[in-house]
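The values are calculated or read from the model by the stated rules, or taken from the named source; none is laboratory data. In this text, all values refer to a predicted model and were calculated from it rather than measured experimentally. Neighbour counts run over all protein chains shown; Cβ positions are idealised from the backbone, glycine included. Quick note on the areas: whole protein, heavy atoms, side chains included, nothing else; ligands and nucleic acids left out. Shrake-Rupley method; radii C 1.70, N 1.55, O 1.52, S 1.80 Å.
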Amino acid sequence: MNTTVSPRECYFCRVSRGEADPFIFENAAFVGIFDTNPVNPGHALVIPRRHVVSIFELNEHEQADYFDALHGVREVIEATRFAELYPSMMAREDLSDRPMDHIKAVLELPFLDARPDAYTVGNNDGRAAGRSIDHLHVIVLPRYQGDVENPRGGIRNVIPARASYQRR
Ligand SMILES: [Zn+2]
């Protein structure tokens with residue numbers, strides 16, 4: 001396995017050892033946390049405890065726990081009041097030196113405490129796909145009616161020039 005950062009210094013290894021963000025979910029192979037730079041209310045991450053770089057490296061047990069974690073994290077998202085979560089996140093001492101722009105922005109959203117209308121679940125599986133930390137972290141992003149002007153195509157829009165298509 002070719003990793004540029006050793007598990008000891010890897011941020012998501014620290015998370016999975018319980019040394020950073022509080023868990024909102026855990027099972028044998030995975031933990032779940034709320035992202036501290038949310039792009040929508042409830043933006044969460046599902047992270048394997050093992051230092052696995054790619055989703056394609058998960059073993060069978062981890063694959064089962066991955067789906068269990070997706071379900072578990074979704075349940076927590078739907079039971080959480082974000083108008084309370086984000087102010088308490090801003091008060092976290094371990095985040096005191098970090099910019100809070102994303103949290104402030106989601107606190108202003110009209111659908112802050114609405115039930116999610118949909119989800120985008122995704123993983124940037126490789127540097128060329130936008131991954132910035134080489135430890136698998138799957139994004140569970142609640143979506144809300146009107147959060148973008150035109151959601152059609154969803155993650156196709158990572159390549160905007162070729163995203164739109166006409167159905168025949
Ligand atoms: Zn790691």
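Residues in the range 85-104 that are out of contact with any Asp or Glu (no Cβ under 9 Å at 6 or more places or on another chain), assigned to a helix (DSSP H, G or I) and open to solvent by 60 Å² or more (accessible area, probe 1.4 Å): how many?
Final tally of qualifying residues: 5.
Taking only the range 69-83 into account, find how many residues are surrounded by fewer than 16 Cβ atoms within 10 Å (Cβ to Cβ), among the charged types (D, E, K, R) and in a helix (DSSP H, G or I).
Here is the first cut: in the range 69-83, the residues surrounded by fewer than 16 Cβ atoms within 10 Å (Cβ to Cβ) are 71, 75, 78-79, 81, 83.
Adding the requirement that they be among the charged types (D, E, K, R) leaves 75, 78, 81.
Now restrict to residues that are in a helix (DSSP H, G or I): 75, 78.
Qualifying residue count, the range 69-83: 2.
Out of everything in the range 59-83 that is of a type in the set (Gly, Ala, Ser) and more than 12 Å from PHE25 (Cα to Cα), what residue ends up being farthest from the ligand (Cβ to nearest atom)?
Initially, the range 59-83 is screened for residues of a type in the set (Gly, Ala, Ser), giving 64, 69, 72, 79, 83.
Next, from what is left, pick out any that are more than 12 Å from PHE25 (Cα to Cα): 64, 79, 83.
Working: ALA64: 21, ALA79: 28, ALA83: 32 Å.
Once the filter is applied, the top-ranked residue is ALA83.
Taking the range 111-141 on its own, how many of its residues are part of a loop (DSSP other than H, G, I, E, B) and touching a residue at least 24 places away in the same chain (Cβ under 8 Å)? Before the answer, list the steps.
From the range 111-141, those part of a loop (DSSP other than H, G, I, E, B) are 111-117, 123-126, 130-137; that's our starting set.
Next, only the ones that are touching a residue at least 24 places away in the same chain (Cβ under 8 Å) stay: 111-117, 123, 125-126, 130, 133-137.
Of the residues in that region, 16 qualify.
Within the range 43-58, can you find the residues that are of a type in the set (A, V, I, L, M) and closer than 14 Å to ALA28 by Cα? Full working, then the answer.
The first filter runs over the range 43-58 and keeps only residues of a type in the set (A, V, I, L, M), leaving 44-47, 52-53, 55, 58.
Residues satisfying the conditions are VAL46, ILE47, LEU58.
What pairs can you find where one residue is in the range 72-85 and in contact (Cβ under 8 Å) with a residue 12 or more places away in the chain, the other is assigned to a helix (DSSP H, G or I), and their Cβ atoms are less than 9 Å apart, with a gap of 6+ or different chains?
PHE82/VAL106; PHE82/LEU107; ALA83/LEU107
Going through PHE56, PHE12, PHE30 one at a time, which residue ends up being among the aromatic types (Phe, Trp, Tyr), more than 12 Å from the ligand (Cβ to nearest atom) and within 15 Å of the chain's Cα centre (by Cα)?
Answer to the selection: PHE30.
Within the range 14-39, can you find the residues that are open to solvent by less than 10 Å² (accessible area, probe 1.4 Å), more than 16 Å from ALA79 (Cβ to Cβ) and in contact (Cβ under 8 Å) with a residue 40 or more places away in the chain?
Hit for the range 14-39 is PRO38, nothing else.
Quick check on SER88: is it under 21 Å from PHE23 (Cα atoms), free of Cβ contacts under 8 Å to residues at least 60 places away in the same chain and within 19 Å of the chain's Cα centre (by Cα)? Write out each step before concluding.
Working: under 21 Å from PHE23 (Cα atoms): yes; free of Cβ contacts under 8 Å to residues at least 60 places away in the same chain: yes; within 19 Å of the chain's Cα centre (by Cα): yes.
Against the criterion (under 21 Å from PHE23 (Cα atoms), free of Cβ contacts under 8 Å to residues at least 60 places away in the same chain and within 19 Å of the chain's Cα centre (by Cα)), SER88 qualifies.
Would you check which residues across the range 115-167 are away from the ligand (no atom under 16 Å from the Cβ), open to solvent by less than 30 Å² (accessible area, probe 1.4 Å) and modelled with pLDDT of 95 or more and list them?
Selection gives PRO116, GLY122, VAL140, LEU141, PRO142, TYR144.
Please work out if HIS51 is of a type outside the set (Phe, Trp, Tyr), touching a Cys at 6+ places or on another chain (Cβ under 6 Å) and crowded, with 19+ Cβ neighbours inside 10 Å.
Working: of a type outside the set (Phe, Trp, Tyr): yes; touching a Cys at 6+ places or on another chain (Cβ under 6 Å): yes; crowded, with 19+ Cβ neighbours inside 10 Å: yes.
Yes.
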